[in-house]
């Protein structure tokens with residue numbers, strides 16, 4: 001595990017320092033709650049000021065309003081035995097990196113764009129701390145590392161050190177890795193369980209369970225998320241109407257499936273060459289993005305990049 005000292009959130013855009021986990025996790029979580037969530041129009045204005053004029057006050061306000069997002073994402077990785085404060089600090093660095101590359105004219109919210117940078121930074125820190133280089137850090141092994149616990153829970157496997165052959169085979173199939181990799185990763189991740197009553201020694205008091213409820217979304221937030229997901233789905237379906245039947249088929253099979261259909265299979269299905277399928281896909285994708293953005297503007301929403309990730 002890395003023992004490098006955690007630093008304050010870097011503020012290359014101004015003299016004022018934002019809240020830091022160095023001052024204590026409890027205090028930090030309380031401080032970041034004071035920053036308001038930005039409305040879409042205000043966020044866009046601030047992002048343009050930062051992009052065009054490098055306005056430090058605009059950048060500071062953008063970052064401050066998203067510190068809670070970083071804390072929430074970091075909390076989701078607390079099961080890897082690393083201090084939540086360290087995870088938040090790494091996530092905040094990812095937030096800064098996202099700010100430098102964010103283009104508000106793309107049509108999506110900063111939170112949608114930033115969360116990929118935040119997660120990537122936290123995951124890289126976890127992988128480094130666990131010293132996975134000893135068994136490799138391929139994309140498949142990273143996927144196994146970050147999904148093993150979820151699949152084990154889904155299979156109701158309580159004892160993580162003695163997976164049944166059926167469970168090992170099921171996990172290997174789901175994640176497209178070898179059974180040997182599943183066994184080796186399970187051994188590496190095996191360790192003692194930590195009680196929710198474990199004291200937060202670095203904070204001088206309190207227990208981990210004291211913060212669990214605050215970090216979980218309440219019923220109101222969950223309802224809003226479901227409604228937003230439903231609106232996005234309807235928005236996408238409306239935008240799909242701008243495509244012809246063949247274009248819709250290619251987009252659904254190539255862009256909207258968890259496991260995209262290969263160009264070769266679609267080429268045989270449609271009776272055209274692979275290159276022609278690729279050309280149709282590229283053209284249809286651009287048409288869909290424009291239609292989606294126009295539909296979003298009409299409804300006062302923003303284009304969601306997650307549709308095409």
Yes/no for residue 46 being in contact with a helix residue (DSSP H, G or I) (Cβ under 7 Å, 6 or more places away or on another chain) and free of Cβ contacts under 8 Å to residues at least 24 places away in the same chain: yes
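Condition test on residue 137, is it at pLDDT below 70, more than 30 Å from residue 48 (Cβ to Cβ), outside any helix (DSSP H, G or I) and under 21 Å from the mean Cα position of the chain (by Cα)? Please lay out each step first, then the result.
Working: at pLDDT below 70: yes; more than 30 Å from residue 48 (Cβ to Cβ): yes; outside any helix (DSSP H, G or I): yes; under 21 Å from the mean Cα position of the chain (by Cα): yes.
So residue 137 fits the description; yes.
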Among residues of segment 32-43, those that are touching a helix residue (DSSP H, G or I) at 6+ places or on another chain (Cβ under 8 Å) and either assigned to a helix (DSSP H, G or I) or free of Cβ contacts under 8 Å to residues at least 12 places away in the same chain (or both), counted: 2
Filter result (surrounded by 12 or more Cβ atoms within 10 Å (Cβ to Cβ) and at pLDDT below 85) within segment 235-245: 235, 236, 238, 239
Filter result (crowded, with 19+ Cβ neighbours inside 10 Å and under 20 Å from residue 124 (Cα atoms)) within segment 51-74: 67, 70, 71, 73, 74
Residue within segment 302-309 that is surrounded by 12 or more Cβ atoms within 10 Å (Cβ to Cβ) and either more than 22 Å from residue 111 (Cβ to Cβ) or at pLDDT 90 or above (or both) present: no
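The values are calculated or read from the model by the stated rules, or taken from the named source; none is laboratory data. Just so you know, these numbers come straight off a predicted model, no measurement behind them. Using ideal geometry, Cβ is built from the backbone for each residue, glycine included, and neighbour counts are taken over all protein chains shown.
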